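The values are calculated or read from the model by the stated rules, or taken from the named source; none is laboratory data. The structure presented is a predicted model; accordingly, all values stated were derived computationally and were not measured. Here the Cβ positions follow ideal geometry from the backbone for every residue, glycine too, while neighbour counts run over all protein chains shown. Areas reflect the complete protein model, heavy atoms only, side chains present, ligands, DNA and RNA absent. Shrake-Rupley method; radii C 1.70, N 1.55, O 1.52, S 1.80 Å.
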Amino acid sequence: MALASLCSTNAASVGLSSPLVGFIVDHRLRHGSTVEAHKVAEELRKLRIEPRVLTLDWDHHSSKTDHLENLARKLRYQAIGQACQEGGIDTLLVAHHADDQAETVLMRIAGKYFGTGLRGIATRRSIPECSGIYGVNNSGSPRKLEDGQVMIESGGVDIVRPLLPFTKVELVNYCKTSNVKWFEDQTNADPTFTLRNTIRHLQTNQLLPVALQSKRLLALSTDVAERETLVELAAQNEFDRLSISLDVRTGVATFDVSHERSGSTGPRVKTALLRKLLSLVTPATEIKLQDAYTTAELIWPETRSAENKQVSFQTASVNVVPPTTPINRSWTLSRQVPTQKDVALQCITLWDNAGPGLRWSTWRLWDNRYWIRICRPEVDHASPEHDSEICVRFLRKDDIAQLMKSLDQSQRSRLRRFLALAAGNTRFTIPAIVAKTNPATSESHTDEVIALPSLGWSVSGWTRWPGGDALSVATGGSFYDIRYKKVDVVQDGLHQVRASLPDVRTSRNESASRIVA
């Protein structure tokens, strides 16, 4: 409520033209929570803030789990994230304060996280717990590349915490002097309810040793955060100076280390730099600090000697390949050939024929690297096409063999030109859109590859969505749309993004428009 009041009071002075929206989450985990949520809504209206009560859905979850706090957090952020996406909101202010920060640092110490985790809650970050939700998770505002058909995603929802420097006592005093009503969740005072509540009880009643009291913990958090900020800035400067090429068609990146600038930086900067480089191609949602630290020393050893043999290795599901010749100083990063577990997990349904009249599927994040969706025209429920389930998965060797058997000579030649963009095992790390026949209505259960979306190849009747808001019904075909994940590269200076595709005509009609990705 202090945050709501401050936003309302200062909206005009900061030039905010959009109306303020206040999200109130009703967890439905205690008696009276719904009534309280609507009372909060009444107070927000007095502050000229549009209230929206978000009620969490527990139908598919148990409220008696041992991990209730974590589950409630996940459901809360997902509900808020989706509400932001629906409302076109890209910035979410939350009222975490200094007491919350001290509790978080102590929880990290209790959990034996003694590294960068001790900086505690970040002042600004992407909204958590929303991986795979388009428009919320680092997506929603794609940027077009010059001479490229595969766009790179951008956007998403950011969380900002402007009240971290202030204690709860200071915020309560503000509410009192400003005549702002606030509400207390009584379960927060129960020291047996969660670990955070236990820590809060110990801090509030000053039952902790001096070294673990809030003032010391906040000083520790500030010190770690300041040092990490300097490391991140230095790593970003090194990143900007590197000659980097990212091929979004295959998810392969190269970087040139010939300038040797990183040799003069410390191990922490090199580790942060490598994490930024790996993030260009990795399917991992988190790159472990220790893994990156060890790997960085292999690329930029403290001392160069004859014994420093550069060899290929793998980390964060990425193949890291050293320069092939003394003249070529470029390292190559590519997605590791998927394991059987990867293959199983990354077979994602795009279209299951649910919902009559539905044209576009939802955006799906595949392998944490590509956002993909498809559009199909309405079909007769009795037609064979209606029985196909459209999925996206890794391209397989048997897919290529099957295509070479089913295509004519001209079509095979065309397919080879597209596959040439993904040489060697790289082609088995790219997405393939396949139609799975329904075994209940078909004599055999087969997968038919209908598109290699990142390469721009597709069978007759399927093409890349050319853009725009209206569908061209006259085409009578189906579309796919693909975008690369959000990455920290720009098509400028030393950074290069490769996204262009071969200008290949269709075998059926050589005068047809060019096939694009």
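Computed quantities for the displayed model
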read-out	value
Helix 289-299 vs. the chain, principal-axis angle (Cα, 0 to 90°, nearest 10)	50 degrees
Candidate residues PHE479, PHE114: accessible-area rank, largest first, probe 1.4 Å	PHE114, PHE479
Sequence-distant lysines (8 or more away, or on other chains) whose Cα lies within less than 29 Å of LYS405	LYS341, LYS397, LYS436
Simple Cβ-charge dipole of the chain, Lys/Arg +1 and Asp/Glu -1, about Cα centre, in debye nearest 20	740 debye
Largest-first ordering by accessible area, 1.4 Å probe, given options ARG30, ARG417	ARG417, ARG30
Projected area, mean over directions - region 40-170, Cα convex hull, nm²	12.0 nm²
Whole-number D in µm²/s for the chain (Stokes-Einstein; Kirkwood sum over Cα pairs; 4 °C, 1.567 mPa s)	49 µm²/s
Nearest-ten-degree value, helix 195-204 long axis tilted from longest Cα axis of the chain	30 degrees
Solvent-accessible area per residue, Å², over the chain with all protein chains present [probe radius 1.4 Å]	53 Å²
Whole-Hz ³J(HN,Hα) from phi, Karplus 6.51 cos²θ - 1.76 cosθ + 1.60, for region 233-250, glycine and proline x	5, 5, 5, 5, 4, 5, 4, 5, 8, 6, 7, 10, 10, 10, 9, 6, 6, 10
Helix 98-110 vs. the chain, principal-axis angle (Cα, 0 to 90°, nearest 10)	70 degrees
Relative pair counts by distance (%), Cα atoms of region 190-235, 10 Å bins	25, 34, 25, 15, 1
In region 1-110, the chymotrypsin sites (Phe, Trp or Tyr not before Pro) that fall in loop regions by DSSP, at most 14 other Cβ within 10 Å	TRP58
Placed amide H near ILE152: partners under 5 Å, 5+ positions off or other chain	ARG143, LEU145, TYR484
With every protein chain in place, the chain: carbon and sulfur % of accessible area (1.4 Å)	50 percent
Alpha-carbon centroid distance for the pair region 7-32 / region 398-414, whole angstrom	57 Å
Restricting region 91-131 to trypsin sites (Lys or Arg not before Pro) in coil, as DSSP defines it, with at most 14 other Cβ within 10 Å	LYS112
Set of lysines with alpha-carbon distance to LYS64 below 18 Å, sequence-local pairs under 8 removed	LYS74
